[in-house]
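Readers should treat all values here as calculations from the given coordinates under stated rules, not as data from a laboratory. The structure displayed is predicted, hence computed values, not measured ones. Glycine gets a Cβ as well: all are built from the backbone with ideal geometry, and neighbour counts include every protein chain shown.
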Amino acid sequence: MNTDIYNESPVVHQPAFIDGHSVEIPILKILKQDGSIYENAIMPEIDRELATKTYKTLAFHRVLDERMVAAQRQGRISFYMAALGEEAASVGGAAGLKDQDMIMAQYREQGALMFRGFSLENFMNQMFSNEQDLGKGRQMPIHYGSNELNYMTISSPLGTQIPQAAGYAYGQKMQGLDAVTICYFGEGAASEGDFHAGLNMAAVHQSPVIFFCRNNGYAISTPSDEQYVGNGIASRGVGYGMKTLRIDGNDILAVIAAVQLAREYAVKEGKPVLIEAMSYRLGAHSTSDDPSGYRTREEEAKWQEHDPILRMKNWMLAQGWWDEVQETALFEKLRDEVLAAVKVSEKIDKPPVEDLITDVYDQAPPLLQGQLEQLKVHIKKYPDAYPFTAGRIK
Amino acid sequence: MAQMNLLQAINNALDTVMAENDRAVCFGEDVGHFGGVFRATSGLQEKYGKSRCFNTPLVEQGVIGFANGLAAQGSTPIAEIQFADYIFPAFDQIVNESAKFRYRSGNEFDVGKLTIRTPYGGGIAGGLYHSQSPEAYFAHTPGLKVVVPRNPYQAKGLLLASIRDDNPVVFFEPKRLYRASVGEVPEEDYQLPLGKAEVVQQGSDITLLAWGAQMEIVEKAAELAAADGISCEIIDLRTILPWDVETVANSVTKTGRFVVSQEAPLTAGFASEIAATIQQECFLHLEAPIARVCGMDTPYPLALEKEYVADHLKIYEAIKNSMTY
């Protein structure tokens, strides 16, 4: 038993509280909105190639989100979640990592998967739940996953990935790999029990995880001041004895710098880090949500001025690494490609009826095989009621 | 062969797996140096080091969340939940995560290497929170396997099979038998099949089915019935999910009478699922209604435990009622 706290704490003889906000946490900012760099700022490791890839990923993200929200409005897909205004958190996170690092996301981090090279077709096939979806059409749109790209398949229950990341990273460390796990979640999910379980497990067992909180101000309609009263989520990292950093989440250079620093520390020391990225969810929670019911246009307009993509563009222009001609051409090309991909994916067949029972177990048990056979007999009897599968049953 | 109690058989299985697979890791509350509150992981930290056998903070959802991540990464986590009564904080991680990991990803990822060990069951004066048999909650969850051994030989063979099976397994250990049940257990490696029931006694008049610690009770009832000239066929289900319909249905088709017994409360217990299926499979062969002999629909009592449980006399009565129906 460790008795340090008993023996070595400063001693007082009158009862007095310490304040719940007594830990002061600075916020890291590197890039100004006009594209210039703050004086004395330490830049992340970023060259023209990485910067261009990062910017093109941000552009793709914005276009895909715009087009798919529209596709949902047209009734072509059932559901979508945009990341408008906070794309830098996911894209910058991936840009600060290595390809062998595992990404365990919440759901609004498609940008990290884009950075890793998940194809437009793969995105589309998932959203249209067709037979070419890697997830076999089993989850609602935006629940992407790719073993090849080290991007763990998204799970809707909030926060469950947090203790899992602690375990995943523990395994990476046990194997002696040069790899870490980044675990994304929102400030709302940080109220879940799994958040506290996961951070404590990672701290106690010394797992090389980068916990990355996207504090975007809202959990659906609940503003962050109704979610917690402490000093954000970062203060909790301190509570769990963890290296902690707060950053401007709309500053792509701050995101990359923080993740690079965290990665270096996690690999070298074999311990976790908590990053809290302050941002704002400019869009709705999902296509099923309408923010006009719980916040003002003025508030949104204020945050429009902090657009992370425009901020990076301004920096790229200032560097001489980008120009308006390239800008126009890129966005036009992306819009055309997305539209064309929608038209292809929406025509691809739904998965075969056999996929109902595969992957429940490594092999379908007899009882389940029997249920599938019964279902096939039933579908053959009423083919009109099951148009996606009736014609394809052998 | 060696004489082992059920705990020693579990410990021996864990030792076997940790020796052959250096990515096998055992953890849970008090599992490390102390070897678990029941001592199932005794000596493993000394033998395999602190990184492979360790204590966790007191947070069941954290234990299973951590285990899910480790399994997805390719390690072989064997997580202990100290009592099955305390598994519920981890219910979401088991039901929504472990069970659905492979399916929801289209087999991009899985946690097939995960095994969750947990002591269950009553008969130890444990009251509400050290006696429950929650297997039915997990049996309602496609993607999990649920396994319950009845003695030391079964415990080692089934645990080794569970750890090596490529699906997440919840392994319920009958804690009343931890030290009470002693038997011959091979020192060498062996496995018993999952998803297969075992006919432990042939008979012709009536089929009795149970699992885990309840097997002993059923066998005692069968002895009473034998004295009355009733020949009981006794089956140990062994795997609750996915369960072996064929072995049970074949037996009931032969005997025409069926009593199923469980420690857990009657309503919506796994005995009810079995009764429904066997009624459908064997309807024309049944000579009497299927009887379920179970715990009562109350929380698990303390002072009145003896009255509450599905004991051998209640099963014996059910057998006689079925025979004279």
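Placing R0 at 35 angstrom, the Cβ-Cβ distance between A:Glu121 and B:Lys47 gives a FRET efficiency of 0.10 after rounding to 0.05. The spacing between region A:24-54 and region A:334-368, judged by their C-alpha centroids, is 41 Å.
Database remark: amide H of B:Arg117 closer than 5 angstrom to the amide H of B:Ala79, B:Glu80, B:Ile81, B:Phe171 (H placed geometrically; neighbours at sequence offset of 5 or more, or on other chains; Pro and chain starts carry no H). Assuming charge only on the beta carbon of Lys and Arg (+1) and of Asp and Glu (-1), the dipole of the protein assembly as shown about its Cα centre is about 680 debye to the nearest 20. Note on chain B: GNM, Cα springs under 10 Å; of B:Ser75, B:Ser162, B:Ser131, the largest mean-square fluctuation is that of B:Ser75. Each of A:Asp133, A:Asp4, B:Asp189 was scored by other Cβ atoms within 10 Å of its Cβ. Listed from fewest to most, they are A:Asp4, B:Asp189, A:Asp133.
List the lysines whose Cα sits under 23 Å from the Cα of A:Lys381, skipping any in the same chain fewer than 8 residues away. The qualifying lysines are A:Lys350, A:Lys394.
Taking θ as phi - 60° and the Karplus parameters 6.51, -1.76 and 1.60, the scalar couplings of region A:258-265 work out to 5, 5, 4, 5, 5, 5, 4, 5 Hz in sequence order, x denoting glycine and proline. Near the amide H of B:Glu233, within less than 5 Å, lie the amide hydrogens of B:Gly203, B:Ser204, B:Asp205, B:Ile206, B:Thr207, B:Leu208, all on another chain or at least 5 residues away, with H placed in the peptide plane. Note on chain A: with a GNM built from Cα contacts shorter than 10 Å, the maximum mean-square fluctuation among A:Tyr55, A:Tyr38, A:Tyr265 falls on A:Tyr38. When chain A is treated as a Gaussian network with alpha carbon springs shorter than 10 Å, the biggest mean-square fluctuation among A:Val325, A:Val273, A:Val23 belongs to A:Val325. Under 5 Å from the amide H of B:Ala264 lie the amide H atoms of B:Gly295, each residue being 5 or more positions distant or on a separate chain, with H modelled from the backbone and absent for Pro and chain starts. Relative to the Cα centre, the charge distribution of region A:37-196, modelled as +1 at Lys and Arg Cβ and -1 at Asp and Glu Cβ, gives a dipole magnitude of about 440 debye.
Taken about its Cα centre, chain B carries a charge dipole of roughly 360 debye when the Cβ of each Lys and Arg holds +1 and the Cβ of each Asp and Glu holds -1.
Using a Förster distance of 45 Å, how high is the FRET efficiency between B:Ser231 and B:Ala268, based on the Cβ-Cβ distance and rounded to 0.05?
Calculated value: 0.90.
Calculated FRET efficiency, B:Arg39 to A:Asn147, Cβ-Cβ distance, R0 = 35 Å: about 0.35 to the nearest 0.05. For region A:19-32, putting each phi into the Karplus relation 6.51 cos²θ - 1.76 cosθ + 1.60 with θ = phi - 60° gives couplings of 7, x, 10, 6, 7, 8, 10, x, 10, 7, 10, 10, 10, 7 Hz, in residue order, rounded to whole numbers and with x for Gly and Pro.
For region A:119-133, backbone phi angles converted through the Karplus equation (6.51, -1.76, 1.60; θ = phi - 60°) give residue-by-residue couplings of 6, 4, 4, 4, 4, 4, 4, 5, 5, 8, 6, 9, 6, 9, 4 Hz, Gly and Pro being listed as x. The alpha carbon centroids of region B:1-58 and region B:102-168 are separated by 17 Å. Of all DSSP beta bridges located in chain B, what percent are antiparallel, nearest 5? That works out to approximately 20 percent antiparallel. Region B:62-89 and region B:274-322 have their alpha-carbon centroids 33 Å apart.
The number of Lys pairs in region B:98-193 with C-alpha atoms less than 15 Å apart, excluding pairs fewer than 8 positions apart on the same chain, is 4.
Placing a label point 7 Å from the Cα of A:Val229 along the Cα-to-Cβ direction, the residues of region A:5-32 whose backbone N falls under 13 Å of that point are A:20-21.
Placing unit charges on each Cβ (+1 for Lys and Arg, -1 for Asp and Glu) gives the protein assembly as shown a dipole about its Cα centre, and among A:Pro308, B:Thr247, A:His205 the Cα reaching farthest toward its positive end belongs to B:Thr247.
Ordering A:Lys53, A:Lys173 by the number of other Cβ atoms within 10 Å of each residue's own Cβ, fewest first, gives A:Lys53, A:Lys173.
Each of A:Arg297, A:Arg236 was scored by other Cβ atoms within 10 Å of its Cβ. Listed from fewest to most, they are A:Arg297, A:Arg236.
Cross-link partners of A:Lys268 among lysines, defined as those whose alpha carbon lies under 16 angstrom from its own and excluding same-chain residues fewer than eight positions apart: A:Lys98, A:Lys173, A:Lys243. Run down the lysines and flag those whose C-alpha is under 22 Å from the C-alpha of A:Lys313, throwing out any fewer than 8 positions away in its chain. Within the straight-line limit of under 22 Å, A:Lys313 reaches these lysines: A:Lys29, A:Lys32, A:Lys53, A:Lys56, A:Lys302, A:Lys333.
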